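Each remark here refers to the structure printed beneath this line.
Throughout, read-outs are computed from the coordinates displayed, never taken from laboratory work. The shown structure was predicted, so the numbers you read here are calculated from the model rather than taken from an experiment. So basically every Cβ, Gly included, is an ideal-geometry build from the backbone, and we count neighbours across all protein chains shown.
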Amino acid sequence: MDPISPLEQALHAARALVLADLVAGEVAQADVVSLVEDSVAQRRWWVEQWPDGADYVAGLVAQDVQDALLERYGRWPLCPVCGSGDPHALDVEPELGPNPHWVCSQAGVKVAAVGSLGRATGGMTSS
Ligand SMILES: [Zn+2]
């Protein structure tokens with residue numbers, strides 16, 4: 001078996017995290033999954049140029065997919081914290097850094113780590 005490079009591991013992890021959040025938001029249709037694949041392919045090139053950015057890939061893929069979804073479907077992920085007012089999307093913070101989180105900039109709260117949105121929006125995983 002070929003060993004998997006740290007860069008490939010970071011890309012695999014980013015893909016899995018963003019897909020988990022898409023599943024949590026029930027928007028993981030085939031064409032949406034392909035948006036993730038497109039982003040991962042672009043970020044593979046990016047991180048090959050700048051290997052130190054491997055920790056940043058998850059946050060970047062999340063933002064790429066968010067931008068792509070905004071054009072095709074609308075805002076994602078919708079804020080689960082604010083019960084009233086206009087529906088609004090969460091933002092990724094830091095935009096370029098490790099351990100990215102979804103935050104609501106209106107309420108000023110961290111909602112969930114990227115990849116853990118299902119737990120924040122939850123209720124669906126009751127056992
Ligand atoms: Zn909010």
Margin query: Compute the angle between helix 30-49 and the longest alpha-carbon principal axis of the chain, please, reported from 0 to 90 degrees and rounded to the nearest 10.
Written below: 50 degrees
Checklist line | Rg in Å to one decimal, and Dmax rounded to a whole Å, for the chain via C-alpha atoms | finding: 14.7, 53
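Would you mind classifying segment 59-127 by shape? Square roots of the alpha carbon gyration tensor eigenvalues, ordered a ≥ b ≥ c; an a/c under 1.5 is rounded, otherwise it is prolate if a/b is larger than b/c and oblate if not. Let's see the in-between values first.
Numbers: a/c = 1.35, a/b = 1.16, b/c = 1.16.
In terms of gyration-tensor shape, rounded.
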Check: Fully extended, how many nm does the chain gain between Asp31 and Leu78 (0.36 nm per residue separation, minus their Cα-Cα distance)?
Finding: 15.0 nm
Margin query: Helix-only mean residue ellipticity at 222 nm, the chain, DSSP H runs n ≥ 4 weighted -39,500 (n - 2.57), per residue, nearest 500. What is it?
Written below: -15500 deg cm²/dmol
Notebook entry, point to check: Summing +1 for each Lys or Arg and -1 for each Asp or Glu, what net charge is found among the other residues whose Cβ lies under 14 Å from the Cβ of Tyr56?
Noted result: -4
Margin query: I'd like the orientation of helix 57-72 relative to the chain: the angle between its Cα long axis and the longest Cα principal axis, in ° from 0 to 90, rounded to 10.
Written below: 60 degrees
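As an exercise, identify the GluC sites (Glu not before Pro) in segment 1-108 lying in DSSP coil whose Cβ has no more than 14 other Cβ atoms within 10 Å.
Details: sites: Glu8, Glu26, Glu37, Glu48, Glu71, Glu95; in loops: Glu26, Glu95.
In loop regions of segment 1-108 (DSSP not H, G, I, E or B), the sparsely surrounded GluC sites (Glu not before Pro) are Glu26, Glu95.
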Checklist line | Inter-label distance for Gln9 and Leu70, nm, one decimal - labels placed 7 Å from Cα along Cα-to-Cβ | finding: 3.3 nm
Check: Say the dipole of segment 6-119 comes from +1 at the beta carbon of Lys and Arg and -1 at that of Asp and Glu; which of Val57, Ala20, Val32 then lies farthest toward its positive end?
Finding: Ala20
